[in-house]
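A quick write-up on the structure given underneath.
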Amino acid sequence: MPRYFFDIHDGHFQRDEDGTECADFEAARREAMIVLPDIARWVIPTDGDRQTYTVIIRDEGGVPVYTATLTFTGLRLNDTEG
């Protein structure tokens, strides 16, 4: 099975040095879709109410073949404390 590398950018860049074996490109793409919400669940925005989470998939040769991004945006609807 081919090995794909899932680099993560969530305000900090984390390069995947180990990779994951996936049956094919579509399986790797599905994995990216699964991992993004999991990342967002654990990486809380620290600079306000906006955070972008990106996965860049590289093939065995290190060539980027897919990218997916999930954006969190929060907006306070009133300005009173309470």
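The values are calculated or read from the model by the stated rules, or taken from the named source; none is laboratory data. From a predicted model like this one, the values you see are computed outputs, not experimental measurements. Cβ atoms come from the backbone with ideal geometry, glycine included; neighbour counts cover every protein chain shown.
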- prompt: Within the group Thr52, Thr67, Thr73, which residue is modelled with pLDDT of 95 or more and polar (S, T, N, Q)?
  reply: Thr67
- prompt: Which of the residues that make up the stretch 48-68 are of a type outside the set (Gly, Ala, Ser) and either within 12 Å of Asp7 (Cα to Cα) or without any contact (Cβ under 8 Å) to a residue 12 or more places away in the chain (or both)?
  reply: Tyr53, Thr54, Val55, Ile56, Ile57, Arg58, Asp59, Val63, Pro64, Val65, Tyr66, Thr67
- request: Kindly list, by first and then second residue, each pair from a residue in the stretch 11-28 that is at positive phi to a residue that is hydroxyl-bearing (Ser, Thr, Tyr) and outside any loop (DSSP other than H, G, I, E, B), limited to pairs with Cβ atoms under 9 Å and residues at least 6 apart or on different chains.
  value: Gly11/Thr52; Gly11/Tyr53; Gly19/Tyr4
message: So, Gly61, is that one out of contact with any Gly (no Cβ under 6 Å at 6 or more places or on another chain) and modelled with pLDDT under 85 or not?
response: no
message: Among the residues in the stretch 4-12, are any over 15 Å from Thr67 (Cβ atoms) and at pLDDT 95 or above?
response: no
- request: Might you let me know whether the stretch 20-32 holds any residue that is among the basic types (Lys, Arg), part of a strand (DSSP E or B) and surrounded by 10 or more Cβ atoms within 10 Å (Cβ to Cβ)?
  value: no
message: So, in the stretch 26-70, how many residues would count as being acidic (Asp, Glu), over 9 Å from the mean Cα position of the chain (by Cα) and under 19 Å from Arg15 (Cβ atoms)?
response: 3
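To keep it simple, each residue is scored yes or no on (1) of a type in the set (A, V, I, L, M); (2) assigned to a helix (DSSP H, G or I); (3) loosely packed, with under 11 Cβ neighbours inside 10 Å.
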| position | (1), (2), (3) |
| --- | --- |
| Phe6 | no, no, no |
| Asp18 | no, no, yes |
| Asp38 | no, yes, yes |
| Ile57 | yes, no, no |
| Ala68 | yes, no, no |
| Phe72 | no, no, no |
